[in-house]
Amino acid sequence: MGARIIDGKAIAAAQRERIAAEVAALAVQGVVPGLAAVLVGDDPASHVYVGSKERACEKAGMRSLGARLPAETTQDALHAEIDRLNADAAVSGIIVQMPLPQHLDERAAQERVAPAKDVDGLGPVAAGRLLRGDPLFAPATPLGCQVLLREAGVAVSGADVVIIGRSQLVGRPLAMLLTAKQDDANATVTLCHTATRDLASHTRRADVVVVAAGRPHTLTAAMVKPGATVIDVGINRAEDGTLFGDVDFAEVVEVAGAITPVPGGVGPMTVTMLLHNTVLAARHQHGLA
């Protein structure tokens, strides 16, 4: 019998209904959350990502306040645009779409975003608060993984969780989220990476494996404990355009107890959690949290 498929689309849709209801309730109080996406240059994938975020905002009843800048924008001009958005009371949250053109400093741009509007959760204040256990904005993809586990009924408290990948975007913040002392966390987390010896020895004992390595075939069936839950954060594209993850899905689905597909698993949760963070930012900025 194959694993239960964790339907990220359905869980994301339910979360977006909740968010839309919260936005409607805030509107009654005269508060309309607004998300500003700063996009520099003409990267096609970035335009697609930003477009999907803006459409999701509008569908939830939020303002979409994007800023488009030419590829030749200087660092000073980019900072000036971020400063403008920081000062704009209509803007609840700001994201700087990555990647930026090579001549721009991505870290400096991210750190320019006011902590109260850092809905990507990637700035030093957000990261520091997450590390000390009182996050305001957790990065959207790891937060989406945590919500997927909770909504799928996966018991995380006390569980052995192995995360493959130590990026600032997923692996490190997810480890902090899942070790927090709360009901949908409180796990024992092992953070594996490229220098981990005998990766399979870690994954085979895990109750939950999260794969965010950015590399196809990172997790095979022989590396999974029967009945374990597998969350695949990876996204790769085959020559024919087909999307697939970092997990050998066809094999692992026969061993795992529950698994996320690619596409349709973690992906829909990322934009959804960005909307969640934007609503949270609006609440804090208006003293309604």
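Some notes on this structure:
- Number of residues in the stretch 235-255 that are modelled with pLDDT of 95 or more, within 23 Å of the chain's Cα centre (by Cα) and not in a strand (DSSP E or B) equals 4.
- From the options G287, G227, residue that is modelled with pLDDT of 95 or more, of a type in the set (G, A, S) and at positive phi: G227
- Of all residues in the stretch 114-147, those being touching a Phe, Trp or Tyr at 6+ places or on another chain (Cβ under 8 Å) and free of Cβ contacts under 8 Å to residues at least 24 places away in the same chain number 1.
- When A12, A37 are screened for being among the small types (G, A, S) and in a strand (DSSP E or B), only A37 passes.
- Taking the stretch 256-289 as the range and being assigned to a loop (DSSP other than H, G, I, E, B) and open to solvent by 50 Å² or more (accessible area, probe 1.4 Å) as the test, the residues that pass are P263, H286, G287, L288, A289.
- From the options L275, L288, L219, residue that is among the hydrophobic types (A, V, I, L, M, F, W, C) and touching a Cys at 6+ places or on another chain (Cβ under 8 Å): L275
- Residues in the stretch 148-172 that are in a helix (DSSP H, G or I) and either touching a Phe, Trp or Tyr at 6+ places or on another chain (Cβ under 7 Å) or open to solvent by 10 Å² or more (accessible area, probe 1.4 Å) (or both): R150, E151, R172.
The values are calculated or read from the model by the stated rules, or taken from the named source; none is laboratory data. What you see is a predicted model; the values in this text were computed from it and never measured. Reconstructed Cβ throughout: ideal geometry from the backbone, glycine too, with neighbour counts over all protein chains shown. Ligands, DNA and RNA are stripped out before the accessible areas are found, and what is left, the full protein with its side chains, is counted by its heavy atoms. Shrake-Rupley method; radii C 1.70, N 1.55, O 1.52, S 1.80 Å.
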